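For reference, the structure is listed below as structure tokens.
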Amino acid sequence: MDFSNRLLLLLEVTELGSFTNVAEQRNLDRSVISKQISRLEEELGVRLLNRTTRSLSLTAAGNEMVSQAKLLRELLSNTQRLAQNYHSEPRGTLRITSSMMFGRQYVQQAVSLFQEKYPEVKCELRLEDRMVDIIQEGFDIGFRIGKPKSSSLISRKIARSRLLIVASPDFIQQHGEINSIDRLEALPATVYSAPGLLIDKFRYFDENQTEQLFQLNAAYRVNDVEMVVKSAVAGNTLAVVTAQMIGNEILEGKLVPVMTHLNMADFGVFYAVYPHRDAPIKTKLFIEVLKSIIGDELPVWEKNIPNFEQLYMG
């Protein structure tokens, strides 16, 4: 590792908070990180970090070096990006982040097709349901619901994400017709829940087009969106799901859309987000490949729901 890489490593340590976190991300032993930082301090002749058993903090010199490291990272990133735009064919490594389900369903398919068309590009895909800092963690592109809050990120719409309410035929036979908000809120439901996140409230519009909320009776909480659908198929609960979560369950009669007269608000929009407006050609081409899979007008997943454009005030 040369001097510039050790300087960038110092920046990474300060951003991730510890040698251990950096070691885990780089798949290295913690001692390797520690030795490289010590080597940097020797080269510069100053202490950069105050180390205790529980924490790390920057010295005054360390703060100055981190500022320089940020400038170096931006310079290297911009230089590489500009050079890539002069290539007639994309090359290098494309680092992608996506939510778990969207990544498994569509991003992985896009990676396979992309590498068939552009074999000079190596791809790295990380699937996580947490909010990833694309710039800090060095990703070229990410896929997520909702526009990024950071003004430093560029976003491009991929597809809408509409909601529907589903239950199995057995559930409907057991509990009877579901035809009102009160009835909907009273029946047992499966909802998505993760640390710090519980999705049990959903927006709709009443007859006056005023936004309202209904809250499901969460009989079962699970931190995997695919399990929400499987639980509804099992027949013990109903569920509110996105169209993207539906496979062939409705086509095969395993689930039935209910309360279809309700004017449901969309769950959101899938966006591709990336750090620079003049993104490298590999980033732009990957988005085009993904769009070819999902579709330009109606997303492909809505085709799994018969007459969906007429349901939930579509």
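Near Asp266: Cβ cut-off under 11 Å, other residues only, Lys/Arg at +1 and Asp/Glu at -1. The net charge is +3.
When you filter the GluC sites (Glu not before Pro) in the stretch 255-314 for DSSP loop state and at most 13 other Cβ atoms inside 10 Å of their Cβ, you are left with Glu297.
Scaled against the 2.2 N^0.38 Å expected of a compact globular protein of N residues, the Cα radius of gyration of the stretch 219-314 reads 1.32. Potential lengthening of the chain between Asp296 and Ile145 amounts to 52.7 nm, from the contour at 0.36 nm per residue minus the alpha-carbon distance.
Counting only aspartates and glutamates at least 8 places from Lys282 when in the same chain, those with an alpha carbon closer than 16 Å to its own are Glu89, Glu116, Glu120, Glu124, Asp140. Counting every other Cβ atom within 10 Å of each residue's Cβ, Glu137, Glu207, Glu252 order from fewest to most as Glu207, Glu252, Glu137. Applying Stokes-Einstein at 25 °C and 0.890 mPa s to the Kirkwood radius of the stretch 3-84, computed over alpha-carbon pairs, gives a translational diffusion coefficient of 186 µm² s⁻¹.
Give the residue from Thr97, Gly268, Ala219 lying farthest towards the positive end of the charge dipole for the chain; charges sit on Cβ (+1 for Lys and Arg, -1 for Asp and Glu) and the dipole is referred to the Cα centre. Of the listed residues, the answer is Thr97. Counting neighbouring beta carbons within 10 Å and listing from fewest to most, the residues Phe202, Phe3 come out as Phe3, Phe202. Between amide H atoms placed 1.01 Å from N, distances below 5 Å from Gly268 occur with Ser161, all of them 5 or more places distant or on a separate chain. Give, as a single signed number, the net charge of other residues whose beta carbon lies under 14 Å from the beta carbon of Phe214, with Lys and Arg counted +1 and Asp and Glu -1. Charge balance in the 14 Å sphere: -2. Structure remark: mean-square fluctuation, Gaussian network model of the chain, C-alpha springs under 10 Å; the largest value among Ile158, Ile294, Ile181 belongs to Ile181. Scoring 227-236, 187-196 by mean Cβ neighbours within 10 Å over their residues and listing the highest first yields 227-236, 187-196. Here the Kirkwood formula, the inverse mean of 1/r across different C-alpha pairs, assigns the stretch 55-198 a hydrodynamic radius of 19.9 Å. Take the alpha carbon atoms of the stretch 163-265, find their radius of gyration, then divide it by 2.2 N^0.38 Å using N residues; give the quotient. So the Cα radius of gyration is 1.01 times the expected 2.2 N^0.38 Å. Among the listed pairs Lys122/Lys230; Lys70/Lys117; Lys70/Lys157; Lys254/Lys303; Lys70/Lys291, a Cα-Cα separation exceeding 23 Å is found for Lys122/Lys230; Lys70/Lys117; Lys70/Lys157; Lys70/Lys291. Are there DSSP H segments in the chain that both extend 18 Å or more along their axis (alpha-carbon positions) and score a mean Kyte-Doolittle hydropathy of at least 0.0? List them, or say none. Helix filter hits for the chain: 3-16, 281-294. Inter-part distance, the stretch 188-243 to the stretch 253-272, computed on C-alpha centroids, equals 11 Å. Think of it as helices only: each DSSP H run of n ≥ 4 in the chain is worth -39500 (n - 2.57), and spread over all residues that comes to -11000 deg cm²/dmol at 222 nm.
Rg then Dmax, both in Å and based on the Cα atoms of the chain: 24.1, 77. Less than 12 Å Cβ to Cβ from Lys230, Lys/Arg counted +1 and Asp/Glu -1: what total charge do the surrounding residues give? Spelling it out: positives minus negatives among the neighbours equals -2.
Read the figures in this text as sums done on the coordinates, not as results from a lab. Note that the coordinates shown come from a computational prediction; the quantities given were computed from them, not determined experimentally. Positions of Cβ are backbone-derived with ideal geometry, glycine not excepted, and every protein chain shown enters the neighbour counts.
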